[in-house]
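**Q** This structure is in structure tokens; I'll ask about it shortly.
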């Protein structure tokens with residue numbers, strides 16, 4: 001393997017829409033996390049982003065009856081092309097993610113179906 005993980009960028013959790021205010025209050029007031037601005041293109045979706053040490057915690061709103069499609073971990077790498085080639089060599093399906101907030105990324109799923117974002121800044 002010729003690429004290496006360099007950091008944990010963010011973790012995204014999903015919460016039911018009906019619980020948004022309660023959950024966000026918990027992260028702000030109970031845990032004392034600092035809320036940071038979401039990119040303008042994502043604000044209309046609701047939820048919030050928080051600083052968590054050197055990483056971020058993203059809270060998204062999602063109906064809980066279906067699969068948890070937005071829950072994921074984002075792993076930063078030092079060589080995105082090599083990471084992509086490694087996934088392909090292991091026959092891992094890739095979902096392109098484009099670029100958001102300076103992060104070029106793609107997504108894969110682990111054998112249990114958990115979504116993993118792999119990105120490079």
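**Q** I want the antiparallel fraction of DSSP beta bridges within the chain, as a percent rounded to 5. Walk me through the numbers on the way to the answer.
**A** Details: 25 of 36 bridges.
In the chain, approximately 70 percent of DSSP beta bridges are antiparallel ones.
**Q** To test your reading of the geometry: what angle, between 0 and 90 degrees and rounded to tens, separates the Cα axis of helix 80-89 from the longest principal axis of the chain?
**A** With both axes taken from Cα atoms, the answer is about 70 degrees.
Every number in this text was worked out from the coordinates using simple rules, so none of it is lab data. Just so it is clear, the model here is predicted, and its values are computed rather than measured.
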